[in-house]
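In what follows, a single structure is set out as structure tokens and then discussed.
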Amino acid sequence: MKLSQLFTKTSKTVPADETARNAQLLIQAGFVYKVMAGVYAYTPLGLKVLENIKRIVREEMDAIGGQELIMTNLQPREVWESTTRWSDDVVDVWFKTELKDGTPLGLAWSHEEAIMEMMRQFIGSYKDMPVSVYQFQTKLRNELRAKSGIMRGREFVMKDMYSLHASAEDLDAYYQQVIEAYKKVYDRLGIGKDTFVTFASGGAFTKFSHEFQTVCDAGEDILYLHRGKNVAVNEEVLDEAIKELGVGKDELEKVKSAEVGNIFNFGTEKAEQMHMTFAGADGKEHPIYLASYGIGITRVMGVIVEKMADDKGIVWPENVAPAYIYLARIGDDAAVREQTDALYDALTSQGCLVLYDDRDLRAGEKFADADLMGIPYRAVISPKTGGKVELKARTGDSTTLMTAEELLQHCKQQDLADVLA
């Protein structure tokens, strides 16, 4: 990527209509464009971050047997009426529309009923299970409040997975596998140490659920933590939960947090409501066991910005950054231009993700943009570097000089953090 070819531009001005820090920075850095409250478009830079987050999630879901698919956003009323969740009194975030002939439709906010309806065609026996399917899809929810930037959207990207089982024991075992897979996801996203499995209300899903909450001052939830015992409880179910967990309220630390994942064990409730059964080993018909598991992809992106940003701008972890190196050419010296162009070509040819600032701007402007965009490492070539490359980490204060060949080798090994340590 060359900055001269990107249509987006950075801005020094904080958006006047945006109070959330994550959205302010993402808009200023050119990662998102605000359409309206709770609705954001993602530019090429923003999309690269989302795709990196999705890649990590996809790898961990595949590792536990998830099969990726894509469901429809348009949902027929009848399927959801069978479980009462078509009613606005039960689910208050529906966007609803209709066909030209007046047939009512809903715009999907989740897919439990839709998945179960599809699986009627494929599951008839206990031998057909377990099945675990997941998707990355744009969800639409008519949220009353949408003031937390991309952390609470009316239109957002979500990974939702659904597993179907022949027994409660099999579902429980897989449920625990997903919990461990989610922990790996958050570790790889750089927020694992501050993310806790939390006992919470299930809302329109089930009576209770498990949330994954990240300690974050910009979050909308209140969490009670016991770090030593690794216990976390959402405030909304605190009184019920502490009885089961065997801790006193006075032992718990009160913090603000942001939900980055949520999982629900429905048991046989959905199957009973939808009259879905399978032939068991005993020859009798039994209801299917269902669980669902969500990670807000765009929400996680916003939480990462909130957690890691500093007074200069965004700080992306290496795993999700849109580029590994911000390469800046300073000045218009012919030799410098030739050297920087050659380094850019060499880095990209070996698969290193580079954002090349080849614009005709002063050094200070380029460095400010590098900090705002949050690329992990900044490499500079100028008349002052004497044919070498000046390297600096986004969150570091010191710089080091190395040859282009040395930089190429370190990029190939992805060990620049060790070099600058």
Residue match in the range 80-92 (condition: surrounded by 12 or more Cβ atoms within 10 Å (Cβ to Cβ), assigned by TED's automatic domain parsing to the domain that holds Asn142, under 18 Å from Ser292 (Cα atoms) and among the basic types (Lys, Arg)): yes
Matching residues in the range 350-373 - criterion: being touching a strand residue (DSSP E or B) at 6+ places or on another chain (Cβ under 6 Å) and outside any helix (DSSP H, G or I): Val354, Leu355, Tyr356, Asp357, Asp358
Residues within the range 324-344 that are surrounded by fewer than 14 Cβ atoms within 10 Å (Cβ to Cβ) and under 31 Å from the mean Cα position of the chain (by Cα), tallied: 0
All positions within the range 252-281 that are over 30 Å from Arg188 (Cα atoms), out of contact with any helix residue (DSSP H, G or I) (no Cβ under 6 Å at 6 or more places or on another chain) and among the charged types (D, E, K, R): Glu269, Glu272
Some residue of the range 266-277 being free of Cβ contacts under 8 Å to residues at least 24 places away in the same chain, assigned by TED's automatic domain parsing to the domain that holds Val57 and out of contact with any Pro (no Cβ under 9 Å at 6 or more places or on another chain): no
Any pair with Cβ under 7 angstrom, 6 or more apart, that starts in the range 322-334 at a residue that is within 27 Å of Val49 (Cα to Cα) and ends at one that is hydroxyl-bearing (Ser, Thr, Tyr) and assigned to a loop (DSSP other than H, G, I, E, B): Ile330/Ser382
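Residues Glu244, Glu235: which one is in contact with a Phe, Trp or Tyr (Cβ under 9 Å, 6 or more places away or on another chain), of a type outside the set (Val, Ile, Thr) and closer than 21 Å to Asp172 by Cβ? Show your work before the answer.
Numbers: Glu235 fails: closer than 21 Å to Asp172 by Cβ.
Result of the check over Glu244, Glu235: Glu244.
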Residues being among the aromatic types (Phe, Trp, Tyr) and either in contact with a Gly (Cβ under 7 Å, 6 or more places away or on another chain) or surrounded by fewer than 21 Cβ atoms within 10 Å (Cβ to Cβ) (or both) - total across the range 143-167: 1
Strands (runs of 3 or more DSSP E) within the range 215-307 that include 3 or more residues over 19 Å from Thr83 (Cβ atoms): 221-226, 231-234, 253-267
Single condition Gly296 does not satisfy, out of (1) touching a residue at least 60 places away in the same chain (Cβ under 8 Å); (2) over 13 Å from the mean Cα position of the chain (by Cα): (2)
Any hit, the range 278-291, residues being in contact (Cβ under 8 Å) with a residue 12 or more places away in the chain, among the β-branched types (Val, Ile, Thr) and surrounded by fewer than 22 Cβ atoms within 10 Å (Cβ to Cβ): no
Some residue of the range 116-130 being crowded, with 18+ Cβ neighbours inside 10 Å, touching a Phe, Trp or Tyr at 6+ places or on another chain (Cβ under 9 Å) and of a type in the set (Gly, Ala, Ser): no
Leading residue by the ranking (surrounded by the fewest Cβ atoms within 10 Å (Cβ to Cβ)) among those in the range 38-50 that are more than 17 Å from Gln5 (Cα to Cα) and touching a Gly at 6+ places or on another chain (Cβ under 9 Å): Val39
So Asp282, is it over 22 Å from the mean Cα position of the chain (by Cα) and modelled with pLDDT of 95 or more: yes
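For (1) touching a Phe, Trp or Tyr at 6+ places or on another chain (Cβ under 9 Å); (2) at pLDDT 95 or above; (3) outside the structural domain of Asp371 (by TED's automatic domain parsing); (4) within 30 Å of Arg188 (Cα to Cα), each residue gets a yes or a no:
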{"site": "Pro317", "(1), (2), (3), (4)": "no, yes, yes, yes"}
{"site": "Val320", "(1), (2), (3), (4)": "no, yes, yes, yes"}
{"site": "Ala334", "(1), (2), (3), (4)": "no, no, no, no"}
{"site": "Thr340", "(1), (2), (3), (4)": "yes, yes, no, no"}
{"site": "Asp345", "(1), (2), (3), (4)": "no, yes, no, yes"}
{"site": "Gln350", "(1), (2), (3), (4)": "no, no, no, yes"}
{"site": "Leu355", "(1), (2), (3), (4)": "yes, yes, no, yes"}
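The values are calculated or read from the model by the stated rules, or taken from the named source; none is laboratory data. On a predicted model such as this, the values are computed, not experimentally measured, just so you know. Ideal geometry is used to build each Cβ from the backbone, glycine not excepted, and the neighbour counts take in all protein chains shown.
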